[in-house]
Amino acid sequence: MIRIAVAGGVTGGHLYPALAVLSELQKITTIDVLYFTVKGKLEEKVLKKYTYKTVSLDVKGLVRPIYSLANISRILKIINAQKTVKKTLKDFKPDIVFVTGGYVSYPVGIIAKKLRIPLFIHEQNVIPGLTNLRLSKVADKVFVSFKSSKKYFKRKVIVSGNPIFINENKKIRLDKKTILVVGGSGGSEFLNKLTCDLSKKMKDFHFILSSGGKELYCSEENIEIKKYIENMADYYKAVNCAITRAGATTISELLYFQVPSIVIPWEGATESHQLENAKEIEKNNLGFVIREKNLDLEDVINKLIVLSNKTRNFKKLENPAKIIAKEIVKEVLK
């Protein structure tokens, strides 16, 4: 049996890669899991469906610029969280700690190394987050999603890809050409509006919109609205093409399921990391990257028609989660 402590959440982009790795580990061996969550955030809701032990930490991410006075109280919260993490890890006695980034990972990763527990980290984005950059200096292994991320880390880097969380429920059959629109776990008002505009001009197409619960200001008959899609794999396989933001998990899923796509990066992403993620779609000849400021509706329509006529490629790829799971087992058994 492997005892593993995990941190990574607040957004699905940090949570679901961690869950994917845990799922693959369970296929290899018995595991006992302790998951550090952030109070009131997404992972607390999702992890209720699992039997994992959880510990909630009252922490907040640092604001930019880093020297902002607002960070004083946030740093104090992180320091207090380290006390909780230290006691919890001492009691749980994990064989290994695995973190996927986000501010909750920092106190967990730092304490793991102080307690001399092997630390593995995974970075989803092309441009690493601040937490993972700092933890990489003490980590035993660093897994990255893209080769272009290697230059940011000085040692112990494995290009694994981004773990894909696959929750397949059913085979979806669609009668019309269908475009999936995904704005990330929280949705996108920009993509919601774009879907309304496109649906009015593309009446022969069916749109499935993952709205993130954000309000839609149109009621076209060819739009099917879903607040959140849990079995995303089923939809990726069924649709003709997609329009998405460029979060690391979304880009990795598009590549894994080979979905022809238009990717519109969120311009507010830290250090333009969504733009760098999006470029992977064009590198792999899978679709187009369009900046919000350059968006032209007719151009989008023409590109969607081209993409919807492409033959889907369903070649079987190894889930990066398997690569990381095997490395964890190797570390524990060495």
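Here are the numbers:
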quantity	calculated
Portion, in percent, of the accessible area of the chain that falls on carbon or sulfur, probe 1.4 Å	50
Above-threshold pairs, the threshold being 22 Å between Cα atoms, out of K53/K87; K156/K322; K113/K322; K87/K322	K113/K322; K87/K322
Å² of accessible area per residue within region 64-110, as computed with a 1.4 Å probe and no ligands counted	52
Residue-normalised accessible area of region 243-307, expressed per residue, 1.4 Å probe, Å²	40
Disulfide-incompatible cysteines by the Cβ rule (no partner under 4.7 Å) in the chain	C241
Relative contact order of the chain, defined on C-alpha pairs under 8 angstrom at six or more residues apart (%)	15
Packing-based ranking, highest mean first, of 323-331, 176-184 given that Cβ atoms within 10 Å are counted	176-184, 323-331
Packing-based ranking, highest mean first, of 221-231, 250-260, 289-299, 160-170 given that Cβ atoms within 10 Å are counted	250-260, 160-170, 221-231, 289-299
Across K177/K279; K48/K237; K48/K227; K141/K315; K48/K201; K170/K310, pairs whose alpha-carbon gap is larger than 31 Å	K48/K201
15 Å beta-carbon shell around K39, net charge (K/R +1, D/E -1)	+3
Ordering of 45-53, 20-28 by packing [mean C-beta count within 10 Å, highest first]	20-28, 45-53
The chain, helix-only ellipticity at 222 nm - DSSP H runs n ≥ 4, -39,500 (n - 2.57), divided by all residues, nearest 500	-11500 deg cm²/dmol
Aspartates and glutamates whose Cα lies under 15 Å from that of K330, excluding same-chain neighbours fewer than 8 positions away	E24, D95, D140
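The values are calculated or read from the model by the stated rules, or taken from the named source; none is laboratory data. Just so it is clear, the structure is predicted and the values come from calculations on it, not from any experiment. When we count neighbours, we look across all protein chains shown, and the Cβ atoms used for this are built from the backbone with ideal geometry, even at glycine. To get the accessible areas, we keep the full protein, side chains included, count just its heavy atoms, and leave off ligands, DNA and RNA. Shrake-Rupley method; radii C 1.70, N 1.55, O 1.52, S 1.80 Å.
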